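A.B. asks: Can you read through this structure? Questions will come right after.
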Amino acid sequence: MAIMDEIKRRGLDPDGLRWYPGKKGDKQHIQEAMLKDPSLFTDKSFEKAWESLSSKGQIRNTRREPLSP
């Protein structure tokens, strides 16, 4: 699947994708990359695919505290 390939390409751990309150996390960066190619995803299809991976336990978001400036 394209999302898993992008996660691997970025060297990310699918069980510990970073999520920062008020800032872009791994999901948003991956989504931006995937939406550059309209043949892969629309906003809606990306969200459905992400939710499917998440509900199957193939990816997990981990809340992180924002980095200090």
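A.B. asks: Tally the residues that are modelled with pLDDT of 95 or more and out of contact with any Asp or Glu (no Cβ under 8 Å at 6 or more places or on another chain), restricting the search to segment 58-69.
C.D. replies: Residues that pass the stated criteria total 1.
A.B. asks: Further question: If you take just the helices (runs of 4 or more DSSP H) that sit entirely in the chain, which of them hold at least 3 residues that are of a type in the set (Ser, Thr, Tyr), open to solvent by 80 Å² or more (accessible area, probe 1.4 Å) and out of contact with any Leu (no Cβ under 7 Å at 6 or more places or on another chain)? Let's see the steps before the verdict.
C.D. replies: Numbers: elements: 2-9, 26-35, 43-55.
Passing ranges: none, list empty.
A.B. asks: Let me ask something additional. Please enumerate the residues belonging to segment 14-47 that are touching a Phe, Trp or Tyr at 6+ places or on another chain (Cβ under 6 Å) and among the acidic types (Asp, Glu).
C.D. replies: none
The values are calculated or read from the model by the stated rules, or taken from the named source; none is laboratory data. Since we're looking at a predicted model, the values are computed, not measured. All Cβ positions, even for glycine, are placed from backbone atoms using ideal geometry, and neighbour counts span all protein chains on display. Accessible surface is based on the protein model in full, side chains and every heavy atom, while ligands, DNA and RNA are left aside. Shrake-Rupley method; radii C 1.70, N 1.55, O 1.52, S 1.80 Å.
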